[in-house]
Amino acid sequence: MSGKITVTSPLLPNLDEFYEMLKEIWNSKWITNNGDFHNQLERELASYLKVPYLSLFTNGTLPLITALQALRVTGEVITTPYSFVATTHSLWWNGIKPVFVDIDPHTCNIDPAKIEAAITSRTTAIMPVHCYGRPCDTKSIQDIADKYGLKVIYDAAHAFGVEINGKSILDEGDMSTLSFHATKVYNTIEGGALICHDEKTKQRIDYLKNFGFAGETTVVAPGINSKMDEIRAAYGLLNLRQVDAAIEARHNVAVKYREALSGIDGITFFDDIQGVRHNYSYFPIFVDAEKYGMSRDELYFKMREYNIYSRRYFYPLISTFSTYRGLESSSESNLPVATRIANQVICLPMHHALSDEDIQRTIEVIKL
Ligand SMILES: *Cc1c(COP(=O)(O)O)cnc(C)c1O
């Protein structure tokens, strides 16, 4: 056994280059509130991600909360229990009742075939997640939304740079949100973004993320403070230049994992989808305890004994947390697929700097 292998490792900019940018910020004495680096990063990200309108935020949770405000969503929202808690928390912070719908085992995304049965007279929107960066069935979801007059907000925290046949997945629905948290494919330490389709909506979002200020003395809405500062914007500009290389390095890790794990009974994983530009944000495997001869938790803790820190992501389901478990839609009988997957999943170490030796050590423990 040797050094600790972590599930992720942050993509860090070159320190000398970062220092040069810090000097510029110090000279300008403009450290937040729509500074030059902030505005440059908004433009560069919109261009890189092939989306028309993008607003930077200070993390990936406030864009979710703000999207619901901007679209004036109320009542009930249909969402997935198989996500990070922030997805559902954003509804709670808006006084909206989450209604959980089960997932499709082939994608881990909300199952469109089960959405219609969850719609009531109070439903106003659907909030799906592109889980692990794998695209939701956006066409089926949009068809249902159009039929019932619902908004669609995608939590695209995992889907940075994901495209289908050259078109950004972030362009789907009414809005999409991103997280630039340190653990994500692209990070600004903490950060996030909200993507929309027209200038007027971006204007409203920009008011909302700055207390609702529409001018020196005009407040048009009860906005929040979610501005990104110049220091993290500068960091983000540098990281944007190396994110393609990072995604390529992650791709190589995925190829090696797939090669090595394909013969193991009881271990399954996802393959690439034709036409999709994946970002390899996570490498989930699913453990069938009977076939593999060991439960997910046994494997998870065995890996830890070997100093390999994988992550049970997503476990437990959001619907099991105390805030949400009283909801009717939280019952296990409503969520059989999500319940099963949450008990089988392990996200293996996956990041740009994972060495061949780290990959080999991880594989060997799974093969033991
Ligand atoms: C990371 C993440 C978020 C929250 O992002 P933060 O930047 O940590 O606030 C929201 N949803 C999903 C699915 C995430 O993985």
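The values are calculated or read from the model by the stated rules, or taken from the named source; none is laboratory data. Quantities reported herein were computed from a predicted structural model and do not represent experimental measurements. Neighbour counts run over all protein chains shown; Cβ positions are idealised from the backbone, glycine included.
Among the residues of region 107-124, is any closer than 21 Å to Asp198 by Cβ and within 13 Å of the chain's Cα centre (by Cα)?
First, pick out the residues of region 107-124 that are closer than 21 Å to Asp198 by Cβ: 124.
From the residues that got through so far, the ones that are within 13 Å of the chain's Cα centre (by Cα) too are none.
No, there is no match, as no residue in region 107-124 is closer than 21 Å to Asp198 by Cβ and within 13 Å of the chain's Cα centre (by Cα).
For region 255-307, enumerate the residues that are of a type in the set (Val, Ile, Thr) and in contact (Cβ under 8 Å) with a residue 24 or more places away in the chain. Selection gives Ile264, Ile267, Ile273, Val276, Ile285, Val287.
Out of Val255, Val337, Val365, I need the residue that is within 22 Å of Pro128 (Cα to Cα), part of a helix (DSSP H, G or I) and either modelled with pLDDT of 95 or more or touching a helix residue (DSSP H, G or I) at 6+ places or on another chain (Cβ under 7 Å) (or both). Which one? Spell out the reasoning first.
On the way: Val255 fails: within 22 Å of Pro128 (Cα to Cα); Val365 fails: within 22 Å of Pro128 (Cα to Cα).
Unique residue meeting the criteria: Val337.
Taking (1) touching a Leu at 6+ places or on another chain (Cβ under 6 Å); (2) under 30 Å from Ile366 (Cα atoms); (3) within 16 Å of the ligand (Cβ to nearest atom); (4) not polar (S, T, N, Q) in turn, Val185 satisfies each apart from (1).
Within region 213-228, is there a residue that is within 15 Å of the ligand (Cβ to nearest atom), polar (S, T, N, Q) and buried (at least 24 other Cβ atoms within 10 Å of the Cβ)? Even if it seems obvious, please write down each step before you answer.
Taking region 213-228 first, the residues within 15 Å of the ligand (Cβ to nearest atom) are 224-228.
Filter once more, keeping what is polar (S, T, N, Q): 225-226.
Checking the rest, the ones that are also buried (at least 24 other Cβ atoms within 10 Å of the Cβ) come to none.
No, region 213-228 has no match at all.
Taking the listed residues Phe283, Phe211, Phe301, the one that is touching a strand residue (DSSP E or B) at 6+ places or on another chain (Cβ under 8 Å) and on the phi < 0 side of the Ramachandran plot is Phe283, with no other qualifying.
Away from the ligand (no atom under 16 Å from the Cβ), surrounded by fewer than 19 Cβ atoms within 10 Å (Cβ to Cβ) and without any contact (Cβ under 8 Å) to a residue 24 or more places away in the chain: is that true of Asp146 in this structure?
Details: away from the ligand (no atom under 16 Å from the Cβ): yes; surrounded by fewer than 19 Cβ atoms within 10 Å (Cβ to Cβ): yes; without any contact (Cβ under 8 Å) to a residue 24 or more places away in the chain: yes.
Yes.
Please go through region 291-308 and pick out each residue that is surrounded by fewer than 14 Cβ atoms within 10 Å (Cβ to Cβ) and assigned to a helix (DSSP H, G or I).
Within region 291-308, the subset surrounded by fewer than 14 Cβ atoms within 10 Å (Cβ to Cβ) is 291, 293, 298, 301, 304-305.
Residues satisfying the conditions are Lys291, Glu298, Phe301, Arg304, Glu305.
If I filter region 188-200 down to residues being more than 16 Å from the ligand (Cβ to nearest atom) and in a loop (DSSP other than H, G, I, E, B), which single residue comes out as surrounded by the most Cβ atoms within 10 Å (Cβ to Cβ)? Looking at residues that are more than 16 Å from the ligand (Cβ to nearest atom) and in a loop (DSSP other than H, G, I, E, B), I get His197.
Per-residue answers, yes or no, for (1) crowded, with 16+ Cβ neighbours inside 10 Å; (2) not β-branched (Val, Ile, Thr):
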{"residue": "Arg325", "(1), (2)": "no, yes"}
{"residue": "Glu332", "(1), (2)": "no, yes"}
{"residue": "Pro336", "(1), (2)": "no, yes"}
{"residue": "Thr339", "(1), (2)": "yes, no"}
{"residue": "Leu348", "(1), (2)": "yes, yes"}
{"residue": "His351", "(1), (2)": "yes, yes"}
{"residue": "Asp358", "(1), (2)": "yes, yes"}
{"residue": "Arg361", "(1), (2)": "yes, yes"}
{"residue": "Ile366", "(1), (2)": "yes, no"}
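State which residue is farthest from the chain's Cα centre (by Cα) when the search covers only region 309-329 and only residues that are in a loop (DSSP other than H, G, I, E, B) and among the hydrophobic types (A, V, I, L, M, F, W, C). It would help to see each step written out before you state the result.
First, the residues of region 309-329 that are in a loop (DSSP other than H, G, I, E, B): 309-310, 312-317, 321-327.
The next check asks that each one be among the hydrophobic types (A, V, I, L, M, F, W, C); those that pass are 314, 317, 321, 327.
Values: Phe314: 12, Leu317: 16, Phe321: 20, Leu327: 24 Å.
It comes out as Leu327.
Can you name every residue in region 83-124 that is small (Gly, Ala, Ser), touching a residue at least 40 places away in the same chain (Cβ under 8 Å) and more than 16 Å from the ligand (Cβ to nearest atom)? Across region 83-124, the qualifying residue is only Ala118.
When Val51, Val99 are checked against the criterion of being of a type in the set (Val, Ile, Thr), at pLDDT 95 or above, surrounded by fewer than 23 Cβ atoms within 10 Å (Cβ to Cβ) and touching a Leu at 6+ places or on another chain (Cβ under 8 Å), a single residue qualifies: Val51.
Taking the conditions exactly as written (surrounded by 15 or more Cβ atoms within 10 Å (Cβ to Cβ), modelled with pLDDT of 95 or more and basic (Lys, Arg)), does Lys23 satisfy them or not?
On the way: surrounded by 15 or more Cβ atoms within 10 Å (Cβ to Cβ): no; modelled with pLDDT of 95 or more: yes; basic (Lys, Arg): yes.
Taking the combined requirement at face value, the residue does not satisfy it.
When region 155-173 is filtered for residues that are more than 14 Å from the ligand (Cβ to nearest atom), in a strand (DSSP E or B) and among the acidic types (Asp, Glu), only Glu163 remains.
Within the option set Arg312, Arg325, being touching a Cys at 6+ places or on another chain (Cβ under 9 Å) and free of Cβ contacts under 8 Å to residues at least 60 places away in the same chain holds for one residue only, Arg312.
Residue by residue, here is whether (1) basic (Lys, Arg); (2) under 27 Å from Arg122 (Cα atoms); (3) in contact with a strand residue (DSSP E or B) (Cβ under 8 Å, 6 or more places away or on another chain) holds:
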residue	(1), (2), (3)
Tyr148	no, yes, yes
Val162	no, no, yes
Ser168	no, no, no
Glu172	no, yes, yes
Met175	no, yes, yes
Asn187	no, no, no
Gly191	no, no, yes
Ile195	no, yes, yes
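Restricting to region 204-231, and then to whatever is of a type in the set (Val, Ile, Thr) and not in a loop (DSSP other than H, G, I, E, B), can you tell me which residue is farthest from Leu41 (Cα to Cα)? Checked region 204-231; the qualifying residue farthest from Leu41 (Cα to Cα) is Val219.
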